[in-house]
Amino acid sequence: MARLVVVSNRVGIPDGTARAGGLEVAIRPALKKRGGVWFGWSGKVAEGTPGPAKTVTQDKVDYVTVDLPQDDYDEFYNGFANRVLWPILHYRLDLAEFTRRDLGGYFRVNQFFADNLEKLLRPDDIIWVHDYHLMPLAQILRERGHKNRLGFFLHIPCPPPEILTGLPNHERVVAGLCGYDLVGFQTENDANNFSRYLANEVGLKRASDTGFRYEDRVVEVGIFPVGVETEPFERMARRAAASQFVSKVMASMAGRALIIGVDRLDYSKGIPERLHAFERFLGNFQEWRGLVTYLQITPTSRTDIREYADIGRLVGEAVGRINGTFGEASWTPLRYINKAHSRTALAGLYRSARVGLVTPLRDGMNLVAKEFTAAQDPDDPGVLVLSRFAGAARECGAALLVNPYDSEGVAIAINRALDMPIEERRMRHQANFATLVKNDLGHWAERFLGLLDGEASSAAAAGFAEPMPRRAAR
Ligand code: F6P
């Protein structure tokens, strides 16, 4: 079997530090199983010129990381990746702040990654690159003569060409993905949007239903919804629900029903809209006052970027308003926490919750939705209220699907979730759980790498083994 080299901006270095990244959660088990190399940024900013790459080896995996100088951190990470690509790929052209300087930084860091990667590469390695930070990397490696199989997976959404073309220099950045042999997306919608972009904007001809001719190669476009380790996560949640930490939290609920939300502090997650919905819920369904506690766990991220500070302020104000309006000396309706929690602690909390609120305005997949589902007790499951704009809605069609912009609709869904009879809860949970077992994390990596390795002939083989359940009737 060829050696696997994974490349991503963040690397899950096994140093015991808890991080909230969906990408790291997905990659680590796949790499551990197969072994190989994981290359990327150390998460540190170097003073002056960065030193050579550092390697830590554990469980057949070499974790190789480089520091970034301050300019690169500003222009590549905070700049082009998170001030331009992140908002645009989340359909928020209005928030993009493009500068040519940041674009330069983006390409410079991709060249720097290629410089370091070249030192590690063997001719028959297969290379799997992740996410929007590294879209041009394949073309850079191709220009330098590397002939390895190169795959790319986008963890976040891919908007329609009408939005993608709003990105200045999209011809270099988005069309740069043609340097890869296989480009993978979370959902059919994302893959279709990219295919339309390739056909209409880049002018590529189709080689098959899923492939496009590009120079002397074929670029395959596939759908690979990232999963979770469904059954192991259920076992972990079962143990964690009995832990001291979760017992203490539940004791503090004093018998009230727990509603939980867990998100990075990011405008794509729809947190102010969700709080507004909770406010509507308390206003419209007064019988629940004093009987529920909504726990919103929201680790901060990308704090150097203005939009992130703005959303933090907005959320803080809403929390104060809701607790001020509805709270009583003996009851705080909403607990808002910025501290990151371990996945084990979260698993136990998910299992103890009556309702999981996952209402992003736009999300590539959203693994919280899947982990919440995996964590439930099948005999007495909680109910997932899920945004139709999360990739996970495709596989979790038996959740209560909502439009996160419709605060009244979300408030009605919260009431319905709390009121739902046990048989309906079990039925909905079983349907979602069964799909997540079929499409778990192992399948995701195997299917992607199977195609990239050339074990299957076309991306059509990357379709799901079973049809997804239909959206639940509302
Ligand atoms: O795919 C999105 C992602 O890159 C995930 O790793 C994670 O959800 C988040 O963004 C982490 O962001 P950052 O690396 O900027 O902290």
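The values are calculated or read from the model by the stated rules, or taken from the named source; none is laboratory data. For clarity, every value in this text was computed on a predicted model and none was experimentally measured. When we count neighbours, we look across all protein chains shown, and the Cβ atoms used for this are built from the backbone with ideal geometry, even at glycine. Note: accessible area is taken over every heavy atom of the protein model, side chains too, but ligands, DNA and RNA are not part of it. Shrake-Rupley method; radii C 1.70, N 1.55, O 1.52, S 1.80 Å.
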Sparse-neighbourhood loop sites, trypsin sites (Lys or Arg not before Pro) in the range 136-206 - DSSP loop, at most 10 other Cβ within 10 angstrom: 147, 205
The chain: relative contact order in percent, alpha carbon pairs under 8 Å with at least 6 residues between: 14 percent
Cα long-axis angle, helix 407-419 against the chain (0 to 90 degrees, to the nearest 10): 60 degrees
For the chain, size of Cβ-based charge dipole, Lys and Arg +1, Asp and Glu -1, in debye: 700 debye
Entries in 60/147; 33/438; 33/147; 32/438; 32/248; 32/339 that, when Cα-Cα distance is taken, lie over 22 Å: 60/147; 33/147; 32/248; 32/339
Whether the range 230-438 is rounded, prolate or oblate, judged on the alpha carbon gyration tensor where a/c under 1.5 counts as rounded: rounded
The range 230-438 - charge dipole about Cα centre, Lys and Arg +1 at Cβ, Asp and Glu -1, debye rounded to 20: 440 debye
Over the chain, volume per residue of the alpha carbon convex hull, in Å³: 143 Å³
Farthest toward positive dipole pole in the chain [+1 Lys/Arg, -1 Asp/Glu at C-beta], among 245, 116, 350: 245
Folded to 0 to 90 degrees: helix 306-326 orientation relative to the chain principal axis, Cα: 10 degrees
Accessible surface of the chain [probe 1.4 Å, protein heavy atoms]: carbon and sulfur percent: 49 percent
At most 16 other Cβ within 10 Å, DSSP loop - GluC sites (Glu not before Pro), the range 190-220: 215
Mean shadow area of the range 192-303, taken as a quarter of the surface of its Cα convex hull (nm²): 13.0 nm²
Long-range amide H partners of residue 387 with built H, under 5 Å: 358, 359, 402
Probe 1.4 Å, protein heavy atoms only - accessible area per residue of the chain in square angstrom: 40 Å²
Cα long-axis angle, helix 244-253 against the chain (0 to 90 degrees, to the nearest 10): 50 degrees
Amide proton proximity set for residue 61, modelled H, under 5 Å, gap of 5+: 36
Square roots of 5 times each gyration tensor eigenvalue, C-alpha, the range 1-119, largest first, Å: 26, 18, 13
Point-charge dipole on Cβ atoms (K/R +1, D/E -1) for the range 299-416, about Cα centre, debye to 20: 200 debye
